Every structure is written in structure tokens, then in C-alpha cells.
Amino acid sequence: MLVLGIETSCDETGVALIDDGRLLGESLASQTDIHAVFGGVVPEIASREHQKMLPGLFHDLLRKTGASPEGLSGVAVARGPGLLGSLLVGLSFAKGLCLATEARLVGVDHLHAHILAAGLQEQMLFPALGVLVSGGHTHIYRVDDPTRFTLLGRTLDDAAGEAFDKVAKLLNLPYPGGRYLDEMSQGVEPERSMFPLAYVHNDNLDFSFSGLKTAVAERLAARPHLPFPVMPQAEVLLRGGVLTAHPHPAELSLLAASFNYAVAETLRVKVARALDRDSELRAVVVAGGVAANSHVRAALRAEAEGRGLAAHMPKPSLCTDNAAMVAHAGWLALREGYSHGLDLESIPRGRAVPRDWTRDAPMLQAMRLDRIGPGN
């Protein structure tokens, strides 16, 4: 079963092809350099870039893989949450393809796709605790299978990724600055009392990182020498020149290490709390852009493996927004017989993505026979 995935939820335009669970290829266009000028994503610019790039990326993908539109069994598209204008570009393209090819359409929850991305590199165990850590969301799910997610905890205000972006901006780092905060903290022992653990003195599984962001801002206000006096070039920082570009490298590294620790430990505390409450869980899945952070990965891997659970963590290229995860999540849903009609709607950030797909039982049976082979 050949499935096309389309990702246009924010500022990455992507398409990918999955054939019976195997990634055939993907094409991606990033808008990071465009939005870096503004210090964040500009929705109108993002949607126009998607509209400009998507057709070319699709044809490039077909050329690279040797596939044809007529061979598509399904088209999976990120329907939300995300920027409404950006989502509409991808959804319109997906509907047009389905009308032209009679492929089945399935709308994918962008957040669930992140969680399922680990399945592109290894067999996932269920039920699992899904931990989504991104720029706009910090959520915990119980994942019973690839189509059944139960939300256990969510972001109340600033997500972890948002805190990284805002602290990086306070330090005058280029956008997006989370990777530089991770890099400059390497090999440095954090001062664990420098910043508070955010919203952990309770009994719930929700997250709030606004207090941590405020604590960093207050510390920097008392130490005006710590932000970069002039924003360094991203090329310099990526070549490992973070510390040489700053007049107080040791103090800056300590702050970065302590901030990373506060984020990672807050996540670990909530994950440990969720695991304590559910003895059926077999794995911890960590996904989303912040899941590429070395401190977060180490803390949550240690928590999972210390309990004898599997730790599923997508490689860094699968942590950021990409079409491969959308194609994979769509293939899993279509394989189980789920699909949408052409009245499928986009869901902007701030609204829950509804479970409004329909299930085709006869098609489900046919697909399973095709997948496992006759007589199995």
C-alpha cells in the first residue's frame, strides 16, 4: 500500500512516500532562514511559502522514487493542530490528489504523528507512555495502539520548546536557539538549584514552563553581561564557536547547563509520576522537536530503562516536523481501515483534533491479508 504524507502545519513543507511501512523517500523545504529575520514564524509568510514549494516537492519526490500519482492507495495529510493557513495549503493539495487519483484520504493528528515517528526506525511496544515535547506542546499520552491515544497531561501555558526559544532570544541567540543552548551546555555540571523545577509541586501530569522562563529572565536582568552583545552568526555557532564568540563562556555555559537540567528534570518528574500510576505500560516514547535535546533524551531514557521499560526515541531528523511521520501515521490508520471524506477540516492550534474518521471493515480485512500473506 503506497501512501503519500503531506506536512504543512507550521514552517516546514514536506512530502514523503511510505510503501507497506517502508519509507521510500521524502522531500523537505525549510523556512527557518526566512522566519529567522523576524525571530519567529510569521503565519502569512509560512502559508505562502507552502503554496509555492509544495507542487515542486511533490514532483521531485515522484522523480526520486519512481512512483506515480496513479499508484497511490492513500494520501495522509497533517490536519492540525497548527497554523490554519498553512494547514489549508496541505489539505487542499491532498484533496485535489484524492479527487484525481481516487486514493483514500486520511487526516493525521500532527501531535500523534510525532509520537509514532519512532516506528519508522524500530518496532514500538504498546501500551506506551507517549511524551511529546515541542515548541507549542508538552503533552503526555497513554498510547494503546497507533490509533488510540488518551491525553493524560498537557501544556497549560508555555511549552518546553517555547521556553527554549524565549531563553535563547533573551541571550540574543539566532532563531531557533534551542540547539545552541544544548551545545553550549555539553560537559558542564549544572547548578541544580539555579532555576526552579516548573510546576511539579502538585499531583497532576500537566506542564507549565512560564515560571522557569521568568526565573531565567530575572537572572539575566541581574547579569546584563551574559547575553551576546551582538547576535552571532548561525554558521559560527554551528561550527562549535559558541563559547569563543562570548566574553564570559564559563558563566554562560553554567547557565545553559542549569536551564537544560531544569527542563529535563521537570519532564522526568512528570513522566515518573505517570509511570507510577500505570503498571501496564511497556515503553516510553519521547518525540517532538525538544526530544532532540541531549539532556531530555538522557533523563527520560534513564527513567524508562531504570524501570525495565523500552525507550523509543526517534533520531533527531525525525524529531522535527517532517512528512515521513505523517505518511507513517497515515499508513498505520489506513492499514486499520480508517479514512476521511473530502469534507475533512483543518484544526488550528488551540483546538483538539477530533476522532471523526470512519472505518471500512471489508477494506481492513483485505489489507491485512495483503500485508501478512495468505495462510498466515
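Contact map, region 267-294: first residue basic (K, R), second residue in a helix (DSSP H, G or I) and buried (at least 24 other Cβ atoms within 10 Å of the Cβ), Cβ cut-off under 9 Å, separation 6 or more or different chains; pairs are R268/V296; R268/L300.
Condition test on G74, is it in contact (Cβ under 8 Å) with a residue 60 or more places away in the chain, out of contact with any Pro (no Cβ under 9 Å at 6 or more places or on another chain) and within 30 Å of P232 (Cβ to Cβ)? Spell out how you get there, then give the answer.
Working: in contact (Cβ under 8 Å) with a residue 60 or more places away in the chain: yes; out of contact with any Pro (no Cβ under 9 Å at 6 or more places or on another chain): yes; within 30 Å of P232 (Cβ to Cβ): no.
Considered against the rule, which asks whether it is in contact (Cβ under 8 Å) with a residue 60 or more places away in the chain, out of contact with any Pro (no Cβ under 9 Å at 6 or more places or on another chain) and within 30 Å of P232 (Cβ to Cβ), G74 comes out as no.
The conditions of being charged (D, E, K, R), open to solvent by less than 40 Å² (accessible area, probe 1.4 Å), modelled with pLDDT of 95 or more and outside the structural domain of V353 (by the TED database) are not met by D109.
Among the candidates E305, E336, E345, which residue alone is without any contact (Cβ under 8 Å) to a residue 24 or more places away in the chain and surrounded by fewer than 24 Cβ atoms within 10 Å (Cβ to Cβ)?
Working: E336 fails: without any contact (Cβ under 8 Å) to a residue 24 or more places away in the chain; E345 fails: without any contact (Cβ under 8 Å) to a residue 24 or more places away in the chain.
None of the other options fit; the residue is E305.
Suppose we keep only residues that are surrounded by fewer than 16 Cβ atoms within 10 Å (Cβ to Cβ) and either in contact with a Pro (Cβ under 6 Å, 6 or more places away or on another chain) or not small (G, A, S) (or both) within region 173-190. Which one would you say is nearest to H137 (Cα to Cα)? For region 173-190, the residue satisfying everything is Q186.
So, in region 114-140, how many residues would count as being under 28 Å from K213 (Cα atoms) and open to solvent by less than 10 Å² (accessible area, probe 1.4 Å)?
Kept after step one, since they are under 28 Å from K213 (Cα atoms), are these residues of region 114-140: 114-115, 129-140.
Checking the rest, the ones that are also open to solvent by less than 10 Å² (accessible area, probe 1.4 Å) come to 114-115, 129-133, 138, 140.
Of the residues in region 114-140, 9 are under 28 Å from K213 (Cα atoms) and open to solvent by less than 10 Å² (accessible area, probe 1.4 Å).
Is it the case, given these coordinates, that H295 is in contact with a helix residue (DSSP H, G or I) (Cβ under 8 Å, 6 or more places away or on another chain), of a type outside the set (A, V, I, L, M) and either loosely packed, with under 15 Cβ neighbours inside 10 Å or not assigned by the TED database to the domain that holds P190 (or both)? No: the conditions fail for H295.
Does V296 satisfy being among the hydrophobic types (A, V, I, L, M, F, W, C), closer than 27 Å to R22 by Cβ, modelled with pLDDT of 95 or more and under 19 Å from the mean Cα position of the chain (by Cα)? No; evaluated as a whole, the condition is false for this residue. One residue alone among L342, L318 is of a type in the set (A, V, I, L, M) and part of a helix (DSSP H, G or I), and that residue is L318.
Taking A78, is it out of contact with any helix residue (DSSP H, G or I) (no Cβ under 7 Å at 6 or more places or on another chain), open to solvent by less than 10 Å² (accessible area, probe 1.4 Å) and within 19 Å of L332 (Cβ to Cβ)? When the stated conditions are applied, A78 does not pass them.
Looking at this structure, is S86 among the polar types (S, T, N, Q), surrounded by fewer than 23 Cβ atoms within 10 Å (Cβ to Cβ) and either modelled with pLDDT of 95 or more or under 27 Å from G136 (Cα atoms) (or both)?
Numbers: among the polar types (S, T, N, Q): yes; surrounded by fewer than 23 Cβ atoms within 10 Å (Cβ to Cβ): no; either modelled with pLDDT of 95 or more or under 27 Å from G136 (Cα atoms) (or both): yes.
No, not satisfied.
Give me the residue from region 13-42 that is charged (D, E, K, R) and closer than 16 Å to K64 by Cα and, out of that set, surrounded by the most Cβ atoms within 10 Å (Cβ to Cβ). Top of the filtered list is E26. One residue alone among K52, K64 is basic (K, R) and either over 25 Å from K315 (Cβ atoms) or out of contact with any strand residue (DSSP E or B) (no Cβ under 9 Å at 6 or more places or on another chain) (or both), and that residue is K52. Check region 191-204 and report whether any residue there is within 30 Å of A36 (Cβ to Cβ) and surrounded by 21 or more Cβ atoms within 10 Å (Cβ to Cβ). Looking for residues that are within 30 Å of A36 (Cβ to Cβ) and surrounded by 21 or more Cβ atoms within 10 Å (Cβ to Cβ), one finds at least one in region 191-204, hence yes.
Inside region 2-12, can you point out the residues that are part of a strand (DSSP E or B) and open to solvent by less than 10 Å² (accessible area, probe 1.4 Å)?
Start the filter on region 2-12 by keeping residues that are part of a strand (DSSP E or B), which leaves 2-7, 12.
If the condition is that a residue be part of a strand (DSSP E or B) and open to solvent by less than 10 Å² (accessible area, probe 1.4 Å), then V3, L4, G5, I6, E7 are the ones that fit.
Within region 231-253, the set of residues being open to solvent by less than 30 Å² (accessible area, probe 1.4 Å), modelled with pLDDT of 75 or more and closer than 15 Å to S185 by Cβ comprises H246, L252, S253.
The values are calculated or read from the model by the stated rules, or taken from the named source; none is laboratory data. What you see is a predicted model; the values in this text were computed from it and never measured. Note that each Cβ is placed from the backbone with ideal geometry, even for glycine, and that neighbours are counted across all protein chains shown. Keep in mind that these areas ignore ligands, DNA and RNA; they rest on the heavy atoms of the full protein, side chains included. Shrake-Rupley method; radii C 1.70, N 1.55, O 1.52, S 1.80 Å.
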